[in-house]
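Reading through the structure tokens given below for one structure.
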Amino acid sequence: MKRKHTMWAVLAVVMAVTVAAARPGAQDKPKPTVKIPEPGVPQVMTIEGSFVRAAYNNEGYVILGYKTANMSLGDEWMLLEVGATVRDGVPAFKLHRDAVSLETSDGTKIPLASVADYRNGNLRALEERSKVTRDSINYFPPSASQACRIGFFSELENRAMAWDDVELSNMRACTGRLFFRVPGGIKYGQHWLDVQFPKTLVRVPFRIFTKDEEKLMSKNYSDIRKQVQEAFKPKKKSTD
């Protein structure tokens, strides 16, 4: 009797799957499409994780992780995990802290916070949260294999000093944390991290998701990433 009940249970599951597969459109739902943000400058943009974005041109490369920022809706302080380097053939240069800024969803441009404001901001809880939620941003061009620190900020208990600049070269994969004080708090929508290189501007897009947008990204990550890759794939030269 027990074996008979088990057989009927398995048969019921098989039938349910078969019915679902047979419904019109059950397996042919259109894949979601996303609108590629328009940076206003020539560059390539990539998605390396649900909360990891990169942008680059012939001069510079910047990658950021913003999972902590996405969890900080309404907070006054935004923390971004950032990496930067220059492309092969580009001379090394010093990136100054005033070359980095944030553009929020309403178009407000915000400079990097000062070290004094950062230290007076009581941000230990935010920093501890980021240690738990951070995503890897270790996606650099092959030549950039030497780790280095972007030290625009330094935690109070850390002996390392805060610096006003960092030297970027094509062999250095420099990473660090950036802090911005956002008037009115972090809001949903499209944001940009702007990094000014000597000759060009690199703009890394990132979106503070609503709950529905986050679910859509999580469920369709592979398809969305492929769409972005296709959008920036080099066009084949015509043979005519």
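Key figures for this structure:
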quantity	calculated
Length released on extending from TYR188 to VAL132, taking residue separation times 0.36 nm less the Cα-Cα span	18.0 nm
Residue order for THR46, THR104 - accessible surface, 1.4 angstrom probe, largest first	THR46, THR104
Lys, Arg +1 and Asp, Glu -1 on Cβ, resulting dipole of the chain about Cα centre, debye, nearest 20	1220 debye
Furthest towards positive pole of dipole, TRP163, GLY176, LEU193, structure part the range 135-240, Cβ charges	LEU193
Using θ = phi - 60° and Karplus 6.51 cos²θ - 1.76 cosθ + 1.60, couplings along the range 54-70 (whole Hz; Gly, Pro as x)	9, 8, 7, 9, 6, 10, x, 9, 9, 10, 9, x, 9, 4, 5, 4, 5
Set LYS35/LYS233; LYS109/LYS219; LYS187/LYS211; LYS211/LYS233; LYS31/LYS215 screened for pairs whose C-alpha atoms are more than 20 Å apart	LYS109/LYS219; LYS211/LYS233
Area accessible to solvent at SER222, 1.4 Å probe radius, in Å²	90 Å²
Magnitude of the charge dipole, the range 129-194, Cβ model with Lys/Arg +1 and Asp/Glu -1, debye to 20	300 debye
Of all accessible heavy-atom area on the chain, the percent that carbon and sulfur account for (1.4 Å)	55 percent
Globularity index of the range 68-159, i.e. its alpha-carbon radius of gyration over 2.2 N^0.38 Å	1.23
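The values are calculated or read from the model by the stated rules, or taken from the named source; none is laboratory data. Quick caveat, the model's predicted, so the values are computed rather than measured. We place every Cβ from the backbone using ideal geometry, glycine too, and count neighbours over all the protein chains shown. Ligands, DNA and RNA are stripped out before the accessible areas are found, and what is left, the full protein with its side chains, is counted by its heavy atoms. Shrake-Rupley method; radii C 1.70, N 1.55, O 1.52, S 1.80 Å.
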